[in-house]
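Everything on this sheet refers to the single structure shown next.
The values are calculated or read from the model by the stated rules, or taken from the named source; none is laboratory data. As the structure is a prediction and not an experimental result, all values here were calculated from the model. Backbone-built Cβ (ideal geometry, glycine too); neighbour counts: all protein chains shown. The area values use the complete protein model at the heavy-atom level, side chains included, leaving out ligands, DNA and RNA. Shrake-Rupley method; radii C 1.70, N 1.55, O 1.52, S 1.80 Å.
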Amino acid sequence: SQILPPGAIQLICGPARNILDFVDERDVVTFTGSAATGQKLRAHPRINAHSVPFNLEADSLNSAILGTDVSVDSPEFSLFIKEVRKELTIKCGQKCTAIRRVFVPEHLMDPVAEELAKALDQTAIGDPRRDDVRMGAMVGKSQLEEVRQQADRIAAEAERIYTREPGWLAAGQEDAAFMAPEVYRANNPHAVSAPHEVEAFGPVCTLMPYQEIAEAVALSKR
């Protein structure tokens, strides 16, 4: 549309490397990602020396809560399963709004686990250029390794109840950063910390039970 002059919008695909070494009073830096990386960037000497405005959006352990008045036959039940699946698979769960913790009434733990597994089984993983694919690769191999490391921390306190092979891979993509969704289950959410504190920035979530709404709210605040 040529609304903006040349150079007003620039896109770098790949590592930003030493780009912060050149910011000054004319710049604004906005970062989204892990809290650890955000704190490191915010302490950059150039940011401090030139009072560069720095906006940090970090570590989102968002939750979804299924109400106590919902039954397996309720339309809300199907909508809940659909939403959790969507948040796990869109952008491979690599977005700050993705659902990381799934709280459901205790008596619905098994039905939710079963239906979520069925929904995830129907999600085709592979080359996103194909019309029949709904989930592509992660941003890169380093991110894949980091997500697996964080998932291992969650696995130390919760049981992995769902995963599968990534599935179809295009020729030449066998070494790409594909990762299938992983669902964990922590039957005593009060006794664990990793599911509430560790963000695996990928297709990973933890299913946890509650009995009363007040308990679900308290757990979500963790």
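Scan the strands (runs of 3 or more DSSP E) fully inside the stretch 36-140 and keep the ones with 2 or more residues being open to solvent by 60 Å² or more (accessible area, probe 1.4 Å) and out of contact with any Asp or Glu (no Cβ under 6 Å at 6 or more places or on another chain).
It comes to 54-58.
Go through the residues of the stretch 167-175 one by one and say whether even a single one is at positive phi, open to solvent by less than 60 Å² (accessible area, probe 1.4 Å), modelled with pLDDT under 95 and not β-branched (Val, Ile, Thr).
Yes: one or more hits.
Examine the stretch 122-138 for a residue that is touching a residue at least 60 places away in the same chain (Cβ under 8 Å) and either under 14 Å from the mean Cα position of the chain (by Cα) or over 30 Å from GLY67 (Cα atoms) (or both), and state whether such a residue exists.
So far as the stretch 122-138 goes, yes, one or more of its residues are touching a residue at least 60 places away in the same chain (Cβ under 8 Å) and either under 14 Å from the mean Cα position of the chain (by Cα) or over 30 Å from GLY67 (Cα atoms) (or both).
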